[in-house]
Amino acid sequence: MRPFLKWAGGKARIVERIKVVLPAGARLVEPFVGSGALFLNVEFPRYLLADANRDLIHCYQQLQREGMAFVERCAAYFAPANNQPDAYYALRERFNATTDQTEKAALFVYLNRHGYNGLCRYNGSGGFNVPFGRYARPYFPREEMRSFWQKAARCEFVVADFRSTLRDAVAGDVVYCDPPYVPLSATASFTTYSADGFNLERQRQLALEVETLARRGIPVVISNHNLPFTREIYAAADEFVFFDVQRHISCDGARRTAAAELLAVFSARQPAAG
Ligand SMILES: C[S@@+](CC[C@H](N)C(=O)[O-])C[C@H]1O[C@@H](n2cnc3c(N)ncnc32)[C@H](O)[C@@H]1O
C-alpha cells in the first residue's frame with residue numbers, strides 16, 4: 001500500500017527491511033508517522049500514529065471521519081484550472097487563512113501534489129510557503145486515500161511531540177521511530193544543527209528515551225543515517241542492520257545517491273508489566 005502524501009524521508013523503499021526486525025504486538029506506535037509508509041504495510045490489531053505536524057494529522061483525522069466524501073472534496077481541487085501558478089498561490093493563501101478545518105485538510109492534499117517537490121515547509125509565522133511545483137498532470141491518489149481510510153478504522157491519530165507519544169506507550173506495544181535524520185555532515189562535537197528544531201541534543205534525548213522504553217519491556221526499532229554519531233547514541237541497541245538506500249537528490253529525480261542508513265533494534269529487556 002502506497003501513502004497518499006509525498007513526504008520527505010518516506011519509508012516506502014525500506015519497509016521490507018523494517019518488517020524483518022519489527023516484533024509482533026498488540027499495537028504499533030509511531031511517534032514520527034509522516035506519510036505512514038510503515039503502518040500501511042504491516043499488520044497490527046491497533047495503531048497509535050503521531051506527528052508534530054498538525055496539518056498532517058488533521059488531514060488524517062478528517063479522512064478518518066469523513067471517508068470517501070472527504071476524498072471527493074479533495075479531488076475537486078485537482079482540476080486543470082488549479083494547476084497554474086496564480087490559482088496555486090490563491091489556494092495556498094486560502095489554506096493559510098481559513099479556519100475551516102475540513103477545507104484546510106483538503107487543501108493540504110492539493111498543496112502536497114501541486115507544490116514544489118512535495119515539500120511541506122512553513123515560514124516564521126507558520127504560513128505554508130512552498131512554491132508552485134509545475135507538474136504536467138498532478139496525480140490524484142484516490143485509491144491510496146481509500147486504502148488509508150479503510151485502515152484508519154484501527155488507528156488513533158494524534159498531534160504530539162515524540163516525548164509525549166513515547167510516554168503513552170504501554171505493555172504490548174511495539175514502537176517504530178523515524179525521526180528527522182541526523183545530517184550526513186554531523187559529528188558528535190557539532191551539536192547545533194537543527195532541521196525543524198530537531199537538533200543533535202534531541203537525537204540524544206530520543207535515544208535515551210528509547211533505551212528506557214526497552215527497559216520497561218517495550219521493544220523499539222529506530223531508523224537513521226549510519227554515522228559515528230548515530231552508532232554512538234544507539235550503542236545500547238541489541239542489533240544493528242546497515243544498508244544503502246537510493247535517494248533522489250534533485251527535483252527531477254535524474255541524480256540519485258546512495259545514502260548509508262541503519263536500523264537500531266532495542267529488544268524488550270524484561271517481560272512488560274502494566
Ligand atoms: C523522517 S520523517 C518520517 C517519515 C515517515 N516514516 C514516512 O514514511 O513518511 C520525520 C517526521 O517527524 C516529524 N517530527 C519532527 N519533529 C518532531 C517531534 N519533535 N515530535 C514528533 N514528530 C516530529 C516530522 O513532521 C516528520 O513527519
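What follows is calculated from the coordinates using simple rules that are stated; it is not laboratory data. All of these numbers come straight from a predicted model, not from anything done at the bench. Here Cβ is always computed from backbone atoms with ideal geometry, including for glycine, and neighbour counts include all displayed protein chains.
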Tally, over the range 104-150, of residues that are basic (Lys, Arg) and buried (at least 17 other Cβ atoms within 10 Å of the Cβ): 2
Among (1) of a type outside the set (Gly, Ala, Ser); (2) closer than 21 Å to Gly10 by Cα; (3) more than 16 Å from the ligand (Cβ to nearest atom) - the single one Gln61 does not satisfy: (3)
Scan of the range 4-29 for residues that are more than 6 Å from the ligand (Cβ to nearest atom), in a loop (DSSP other than H, G, I, E, B) and not basic (Lys, Arg), ordered by number: Phe4, Leu5, Ala8, Leu22, Pro23, Ala24, Gly25, Ala26
Elements of type helices (runs of 4 or more DSSP H) in the range 30-129, at least 3 residues being under 21 Å from the mean Cα position of the chain (by Cα), of a type outside the set (A, V, I, L, M) and within 28 Å of Lys151 (Cβ to Cβ): 54-66, 101-114
Residue match in the range 32-51 (condition: surrounded by fewer than 17 Cβ atoms within 10 Å (Cβ to Cβ), within 12 Å of the ligand (Cβ to nearest atom) and in contact (Cβ under 8 Å) with a residue 60 or more places away in the chain): no
